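K.L.:
Here it is, the structure in full.
Values quoted throughout were computed directly from the atomic coordinates according to the rules given, and no laboratory measurement underlies them. Note that this is a predicted model, so its numbers are computed, not measured. Reconstructed Cβ throughout: ideal geometry from the backbone, glycine too, with neighbour counts over all protein chains shown.
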Amino acid sequence: MVITSIFAPKTLTLQAFMRLLTILLIGIVGFSSCSKFSKVLKSNDYDYKLRIADKYYAEKDYGHAQQLFEELFRVFKGSEHFEDIYYKFAYCAYYLKDYANAENLFKGFVEVFPNSAKAEEMDYMRAYTFYKQSPKVELDQTNTTKTIGFMQAFVNTHPGSAKIKEATDIIDICRAKLELKDFRSAQLYFDLGYFKAAGVTLNSLMNSYPDSQKSDEYKFLIIKAYYSYATVSVEEKKEDRFGQVVTQCNEFIDRFPESKLTKSVQEYLNLSQNNIKLVKNEQAKKTS
């Protein structure tokens with residue numbers, strides 16, 4: 001215990017010294033690197049700058065590479081080096097997650113070099129930048145919609161591409177995201193008690209995604225929404241609205257005879273038919 005207490009302060013001092021030494025070394029290396037890069041930027045030897053830019057790019061130092069390529073982009077425009085510079089300059093923006101700028105550069109590459117062996121790749125990457133900007137389901141899905149459009153355009157333009165499967169998979173992912181967003185909107189309407197709006201939104205959802213694996217679930221929710229809407233309606237409109245539920249139930253049974261929800265749908269059908277009878281009986285009593 002005595003030995004520990006004697007040497008503990010020295011150990012802590014040594015640890016602090018080593019941390020300080022590490023920080024100083026990192027600072028020296030960083031300063032040296034910045035100083036070296038500053039000299040490259042000031043150089044008027046553009047061939048040298050191009051070699052250094054390629055070196056940074058190969059080392060995945062895209063920040064430094066981008067700064068050099070941005071200058072070289074103008075210097076070498078129209079030269080034999082321009083295509084490669086354009087290609088790497090676009091990817092620098094992509095790897096730095098500046099997707100909006102990358103999209104513009106990928107697009108520009110295809111326009112400037114339509115016959116390039118890399119044009120197909122650049123066309124795909126342009127579409128892919130929109131996919132990288134596709135946000136969470138809860139947020140605005142403009143970029144998700146754009147992804148579908150540009151990926152579909154890629155598929156149509158390059159039918160023999162090795163990227164076709166990847167493109168179609170991304171289209172499916174994006175469509176599923178849009179479908180989920182629409183479903184959540186409908187579910188929110190239902191939860192808030194806006195049953196008519198929920199039914200309309202679900203109908204639109206089914207029309208937009210007719211091949212969805214959840215079509216029977218959507219149809220069942222339409223039945224629930226219409227039934228709930230009918231139950232809170234004024235008396236003179238109940239017969240008509242329960243009749244709409246009956247129609248929806250019959251459509252469900254015809255379209256999804258094997259669905260696990262058929263039993264529940266049959267229950268709503270029976271309830272709606274009974275409610276129609278009750279309404280008619282009440283009307284008969286009032287007229288008699």
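K.L.:
To test your reading of the geometry: what angle, between 0 and 90 degrees and rounded to tens, separates the Cα axis of helix 195-208 from the longest principal axis of the chain?
P.N.:
That helix lies at roughly 60 degrees to the long axis.
K.L.:
May I ask you to derive the relative contact order of the stretch 139-288, considering only C-alpha pairs under 8 Å and at least 6 residues apart, and to give it as an integer percent?
P.N.:
15
K.L.:
Counting only trypsin sites (Lys or Arg not before Pro) that are in a DSSP loop and have at most 13 other C-beta atoms within 10 Å, tell me the longest site-free stretch of the chain.
P.N.:
137-259
K.L.:
Sticking with this one: Across the stretch 66-158, how many lysine pairs, 8 or more positions apart or on different chains, have C-alpha atoms separated by under 22 Å? Please give the number.
P.N.:
Close lysine pairs under the 22 Å cut-off: 18.
K.L.:
How much net charge surrounds Lys277 when only the other residues with a Cβ under 13 Å from the Cβ of Lys277 are counted, with Lys and Arg +1 and Asp and Glu -1? Each step should come with its number before you reach the end.
P.N.:
Numbers: positive: Lys238, Lys280, Lys285; negative: Glu239, Glu282.
Net of charged neighbours comes to +1.
K.L.:
Go ahead and collect, in residue order, the members of the stretch 97-119 whose backbone nitrogen is under 18 Å from a label point 7 Å along the Cα-Cβ direction of Arg74.
P.N.:
Output list for this probe position: 105.
K.L.:
Too long at a 28 Å Cα-Cα cut-off: which of Lys163/Lys219; Lys177/Lys260; Lys237/Lys285?
P.N.:
Among Lys163/Lys219; Lys177/Lys260; Lys237/Lys285, the Cα-Cα distance tops 28 Å for Lys163/Lys219.
K.L.:
When we measure straight from the Cα of Lys39, which aspartates and glutamates land under 20 angstrom away, once same-chain ones fewer than 8 places off are left out?
P.N.:
Qualifying aspartates and glutamates at Cα under 20 Å: Asp47, Asp54, Glu59, Asp61, Glu70, Glu71.
K.L.:
Roughly how tilted is helix 46-58, in degrees to the nearest 10 and between 0 and 90, from the longest Cα axis of the chain?
P.N.:
50
K.L.:
Where in the stretch 191-263 are there GluC sites (Glu not before Pro) that are in a DSSP coil and have at most 13 other Cβ atoms within 10 angstrom of their Cβ?
P.N.:
When the GluC sites (Glu not before Pro) of the stretch 191-263 are filtered for loop state and at most 13 Cβ neighbours within 10 Å, Glu258 remain.
K.L.:
For Arg184 and Lys132, compute 0.36 nm times the residue count separating them, minus their Cα-Cα distance, and round to one decimal in nm.
P.N.:
16.5 nm
K.L.:
Using only the Cα atoms of the chain, what do you get for the radius of gyration and for Dmax, in Å?
P.N.:
32.6, 107
K.L.:
So, one more: Helix 262-287 versus the longest principal axis of the chain: what angle, 0 to 90°, nearest 10, using Cα atoms?
P.N.:
Relative to the chain, helix 262-287 is tipped by roughly 40 degrees.
K.L.:
With only alpha-carbon pairs counted, each pair once and no self-pairs, how large is the Kirkwood hydrodynamic radius of the stretch 104-143 in angstroms?
P.N.:
11.0
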